[in-house]
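Enquirer: Mind looking over this structure? Questions follow.
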Amino acid sequence: MAITEAERLRQLAVVRRLEAAGFRAWPASSTAFDGTWAVRLTKSFPAKRLNSVNPLDPSDNADIPERIERARQTFIDYGRTLIVRQSPLAPPELVRHLDDDGWSRFGESVVMTADLTKLSFDSAIDRIPIRDTARYIEASLIVHERPAELRAGLTEIIEAIRPPTGMFVQEDKGGAPVAVALAIHDNDLTGLLDVAVAPSQRRQGTGRDLVATALRYTVRKGAKTAWVQVEADNAAGLSLYHALGFKPAYRYVYRAPPGEAT
């Protein structure tokens, strides 16, 4: 069913707000703008969200080939492969240009939101977030099975987050971390990031319990709406957030030039 222009503008406003919240919640080391294209780069951490071109206005469609070439050179100078993060804010002309030039699509993700005022957290465990950043970093590296050389980069990112951040770690009886989550409280929004559960603990309710605990904490701080980004092929993650009351808001996908590894 076709949507009205007013509805389209309303949806774009939601996307813009969530995109801005996402940038604040997971800050890149360097962000430059070419018009309304945000060029985000981070030498110390390879996450795609931190190393991509992010168009933020569907009407900003001037000089597309020249701007892509400028971005390509910037990424080369930074030691990165050029990636465009295509959200509903990307100009249709840019999307057609990438399609015509054979750019690949990968890493599709779903941005989901939940109205926290309508959810019940009565069964959530009260847990105070930890304040030891180094302890959280170590737990995150273990649970995500990330190499130790990413410790400094992850530390840089988390320490650069400006909105109040709740760091949550769940440990087993032996004190080993089995789940982690970040809850970024940004005015009336809460962003869930870095959520992961150790393979040995999956499908046991561990992730659900920790996420519910994190959300309950931010509700008490005044959060009204929660958001999370989940890879489209992560069936377990999508099921978890659906069960918690989250609904899809929009999708985005990464684009890479022909022949570039993704």
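The values are calculated or read from the model by the stated rules, or taken from the named source; none is laboratory data. Because the structure is a prediction, the values reported are computed rather than measured. Neighbour counts are summed over all protein chains in view; Cβ atoms, including those assigned to glycine, are modelled from backbone coordinates with ideal geometry. Note: accessible area is taken over every heavy atom of the protein model, side chains too, but ligands, DNA and RNA are not part of it. Shrake-Rupley method; radii C 1.70, N 1.55, O 1.52, S 1.80 Å.
Enquirer: Scan region 211-238 for residues that are open to solvent by 70 Å² or more (accessible area, probe 1.4 Å) and without any contact (Cβ under 8 Å) to a residue 12 or more places away in the chain and jot them down.
Expert: Of everything in region 211-238, those that are open to solvent by 70 Å² or more (accessible area, probe 1.4 Å) and without any contact (Cβ under 8 Å) to a residue 12 or more places away in the chain turn out to be R220, A235.
Enquirer: D34 fails exactly one of the following numbered conditions: (1) more than 28 Å from A181 (Cβ to Cβ); (2) within 13 Å of the chain's Cα centre (by Cα). What is the number of that condition?
Expert: Going through (1) more than 28 Å from A181 (Cβ to Cβ); (2) within 13 Å of the chain's Cα centre (by Cα) one by one, D34 breaks only (2).
Enquirer: Only one of L154, L150, L189, L141 is under 22 Å from L244 (Cβ atoms), at pLDDT 95 or above, in contact with a helix residue (DSSP H, G or I) (Cβ under 8 Å, 6 or more places away or on another chain) and open to solvent by less than 40 Å² (accessible area, probe 1.4 Å); which?
Expert: Going through L154, L150, L189, L141 in turn, the sole match is L189.
Enquirer: If we scan region 195-210, do we find a residue that is closer than 24 Å to L50 by Cα, assigned to a strand (DSSP E or B) and open to solvent by less than 30 Å² (accessible area, probe 1.4 Å)?
Expert: Yes: one or more hits.
Enquirer: Here's something else I'd like to know. Can you find a residue in region 110-125 that is closer than 30 Å to R70 by Cα and at pLDDT 95 or above?
Expert: Yes, there is a match, as at least one residue in region 110-125 is closer than 30 Å to R70 by Cα and at pLDDT 95 or above.
Enquirer: Is there any pair with a first residue in region 164-180 that is touching a residue at least 60 places away in the same chain (Cβ under 8 Å) and a second that is open to solvent by 40 Å² or more (accessible area, probe 1.4 Å) and of a type outside the set (S, T, Y) whose Cβ atoms are under 7 Å apart and which are 6 or more apart or on different chains, and what are they?
Expert: none
Enquirer: Also, quick follow-up: If you check P27, P58, which single one turns out to be over 25 Å from P164 (Cα atoms) and either open to solvent by less than 40 Å² (accessible area, probe 1.4 Å) or assigned to a strand (DSSP E or B) (or both)?
Expert: Just a single option satisfies the conditions, and that option is P58.
Enquirer: Hey, another quick one. Residues in region 119-129: is at least one under 30 Å from A13 (Cα atoms), in contact (Cβ under 8 Å) with a residue 40 or more places away in the chain and outside any strand (DSSP E or B)?
Expert: Scanning region 119-129 turns up at least one residue that is under 30 Å from A13 (Cα atoms), in contact (Cβ under 8 Å) with a residue 40 or more places away in the chain and outside any strand (DSSP E or B).
Enquirer: Now a separate question. Among (1) under 20 Å from the mean Cα position of the chain (by Cα); (2) open to solvent by less than 30 Å² (accessible area, probe 1.4 Å), where does V178 come up short?
Expert: (1)
Enquirer: Search region 216-262 for residues being among the aromatic types (F, W, Y) and assigned to a helix (DSSP H, G or I), and hand back the single one that is modelled with the highest pLDDT.
Expert: Going through the qualifying residues, I end up with Y241.
Enquirer: Collect the residues in region 75-110 that are open to solvent by 60 Å² or more (accessible area, probe 1.4 Å), in a helix (DSSP H, G or I) and in contact (Cβ under 8 Å) with a residue 24 or more places away in the chain, keeping them in residue-number order.
Expert: P92, E93
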